[in-house]
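> Mind having a look at this structure? Questions to follow.
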Amino acid sequence: ETNDDVVEYYDWKKRNVAYFDSIYNVAIENKDGKWDTIRAWSLNDSVAHLLAYDYIVVHKEEVGTGSGCPLYTDSVLVHNLGKLLPSASYPDGYVIEKSYDGGFDDYNFQTATAKKWYVGGLIDGYITALQRMHIGDRCRVYIPYTLAYGTADYNSIPGYSTLIWDIKLLGYYHPGGEIPSVDAKKHKQNIWLMD
């Protein structure tokens with residue numbers, strides 16, 4: 001007898017580790033000048049091991065003109081798309097979150113609904129990226145499983161998953177005021193920082 005069942009995430013840990021290692025090496029080479037490795041914001045300087053898995057990898061797709069960056073206690077307004085590596089049923093990678101039509105390279109923000117997130121409520125890798133982004137920046141962010149959901153399955157995300165995010169920072173606001181509407185331009189108090 002043979003078992004013809006398709007294993008969705010075959011050799012998942014090994015594939016994800018190899019992929020992140022390869023993208024980390026590309027970022028270190030930085031041939032186009034748009035790559036960066038950013039150490040996780042949550043690591044204490046005195047205990048950080050400074051291993052590749054202590055970092056996220058960022059490729060700057062668009063450079064914004066905004067000043068300042070969101071803090072851990074802020075809320076952000078973003079367009080984003082997050083996905084896993086390709087698997088048996090998802091040759092382009094399973095999409096775990098999406099706020100716009102299209103994909104990484106054929107996006108359409110015109111029909112998108114921006115997401116509002118509390119920065120401190122996100123995974124370490126996403127927090128690390130946001131705290132280095134300026135309004136208008138659009139980045140491709142590669143997060144190792146150590147700064148994402150770890151070794152255990154989380155909802156539809158299998159353990160050891162490298163997460164790949166496309167993030168465009170539209171605005172952010174500091175705590176202490178009423179939560180602004182998504183359409184900051186029409187909001188009477190204009191709390192969103194949009195430039």
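The values are calculated or read from the model by the stated rules, or taken from the named source; none is laboratory data. Computed from a predicted model, the values in this text were never measured in an experiment. All Cβ positions, even for glycine, are placed from backbone atoms using ideal geometry, and neighbour counts span all protein chains on display. To get the accessible areas, we keep the full protein, side chains included, count just its heavy atoms, and leave off ligands, DNA and RNA. Shrake-Rupley method; radii C 1.70, N 1.55, O 1.52, S 1.80 Å.
> Suppose we keep only residues that are out of contact with any Phe, Trp or Tyr (no Cβ under 6 Å at 6 or more places or on another chain) and among the aliphatic types (A, V, I, L, M) within the range 60-84. Which one would you say is farthest from V119 (Cα to Cα)?
Residue satisfying both the conditions and the ranking: V63.
> Suppose the filter is part of a loop (DSSP other than H, G, I, E, B), more than 18 Å from G159 (Cβ to Cβ) and among the β-branched types (V, I, T); does T37 pass it?
Considered against the rule, which asks whether it is part of a loop (DSSP other than H, G, I, E, B), more than 18 Å from G159 (Cβ to Cβ) and among the β-branched types (V, I, T), T37 comes out as no.
> Which of the residues belonging to the range 100-119 are within 14 Å of the chain's Cα centre (by Cα) and assigned to a loop (DSSP other than H, G, I, E, B)?
If the condition is that a residue be within 14 Å of the chain's Cα centre (by Cα) and assigned to a loop (DSSP other than H, G, I, E, B), then F104 is the only one that fits.
> Okay, moving on. Filter the range 19-55 down to the residues that are of a type in the set (A, V, I, L, M), closer than 16 Å to G150 by Cα and open to solvent by less than 60 Å² (accessible area, probe 1.4 Å) and list them by number. Don't jump to the end; show me each part of the working.
Taking the range 19-55 as the starting set, the residues that turn out to be of a type in the set (A, V, I, L, M) are 23, 26-28, 38, 40, 43, 47-48, 50-52.
Adding the requirement that they be closer than 16 Å to G150 by Cα leaves 40, 43, 51-52.
Across the range 19-55, the qualifying residues are A40, L43, A52.
> Look through the range 138-158, keep the residues that are hydroxyl-bearing (S, T, Y) and in a loop (DSSP other than H, G, I, E, B), and return whichever of them is nearest to the chain's Cα centre (by Cα).
Of everything passing the filter in the range 138-158, Y149 is nearest to the chain's Cα centre (by Cα).
> Being open to solvent by less than 60 Å² (accessible area, probe 1.4 Å) and in a loop (DSSP other than H, G, I, E, B): is that true of G64 here?
Spelling it out, G64 is indeed open to solvent by less than 60 Å² (accessible area, probe 1.4 Å) and in a loop (DSSP other than H, G, I, E, B).
> Could you tell me how many of the residues in the range 77-113 are under 27 Å from Y19 (Cβ atoms) and β-branched (V, I, T)?
Here the count works out to 3.
> Please identify the pairs in which a residue from the range 6-18 that is among the charged types (D, E, K, R) has its Cβ atom under 6 Å from the Cβ atom of a residue that is modelled with pLDDT under 95 and outside any loop (DSSP other than H, G, I, E, B), counting only partners at least 6 apart or on another chain.
none
> Name every residue in the range 40-61 that is in a strand (DSSP E or B) and of a type in the set (D, E), in order of residue number. I'd like the intermediate steps shown before the answer.
Pass one, the range 40-61, residues in a strand (DSSP E or B): 55-61.
Selection gives E61 alone.
> Restrict the check to the range 120-137 and report whether at least one residue is open to solvent by 20 Å² or more (accessible area, probe 1.4 Å), of a type in the set (S, T, N, Q) and part of a helix (DSSP H, G or I).
For the range 120-137, residues open to solvent by 20 Å² or more (accessible area, probe 1.4 Å), of a type in the set (S, T, N, Q) and part of a helix (DSSP H, G or I): absent.
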